[in-house]
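Input: a single structure, listed below in structure tokens.
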Amino acid sequence: MKARQQRLVLVGLAILGVGAAAALALTALQSNISYFFSPSQVMAKEAPADHVFRLGGLVSEGTVKRAEDGLTVTFDVTDTAQTVKVSYTGILPDLFKEGQGAVARGRLGTDGVFYAEEVLAKHDEEYMPPEVADTLKTAHAKGMTEASDAAATRVAEQVPSEEAMGVGAVAR
């Protein structure tokens, strides 16, 4: 083999090695990524059914229930628009309580229950994970828009039409 052919083979093997390393790195990253979804997105079937993802929102008041074994806990997570039931087996963080922000990492079961592998609670009175805060703002804005649309519809239904009032066209 000539020197030029040896260099081409060496460059070809180097490119092949870099490509294989990049493919392995991307595969490893793909399996470790867990995307964040709100309860509204989960209920709209936007969350992957066969992958681990994070679910965040507020823990609904009065929904935390402990099973007989003492480790299994079920609770509801809401973004004020939709609610998802969560089941977690393990020790909950000390700061976990109803009405507070929480993020759970796990999978959605075929029964519609989110089975969490890990539950994270907010750190202090002012902290809320950015994803949860954005989701709550979006849900609140959507709820306010829907409420104002409903109010406008109710007002429009209550205002009598000109025909009902016996008012005709006014000539000038």
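The values are calculated or read from the model by the stated rules, or taken from the named source; none is laboratory data. Predicted model only: the values in this text are computed from it and were never measured. Neighbour counts run over all protein chains shown; Cβ positions are idealised from the backbone, glycine included.
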Give Ala81, Ala104 a once-over and let me know the one that is small (Gly, Ala, Ser), closer than 24 Å to Pro130 by Cβ and in contact with a Leu (Cβ under 8 Å, 6 or more places away or on another chain).
-> Ala104
In the range 76-118, what residues are surrounded by fewer than 14 Cβ atoms within 10 Å (Cβ to Cβ) and of a type in the set (D, E, K, R)?
-> Asp94, Asp111, Glu117
Report, by residue number, each residue of the range 1-53 that is under 12 Å from Val84 (Cβ atoms) and crowded, with 16+ Cβ neighbours inside 10 Å.
-> Phe37, Ser38, Pro39, Ser40, Gln41, Val42, Met43, Ala47, Phe53
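Take residues that are more than 19 Å from Ala116 (Cβ to Cβ), of a type outside the set (S, T, N, Q) and in the same structural domain as Thr135 (by TED's automatic domain parsing) and tell me which of the strands (runs of 3 or more DSSP E) falling wholly in the range 1-104 contain 3 or more. Can you show your working first?
Working: elements: 53-59, 72-78, 83-89.
No strands (runs of 3 or more DSSP E) qualify here.
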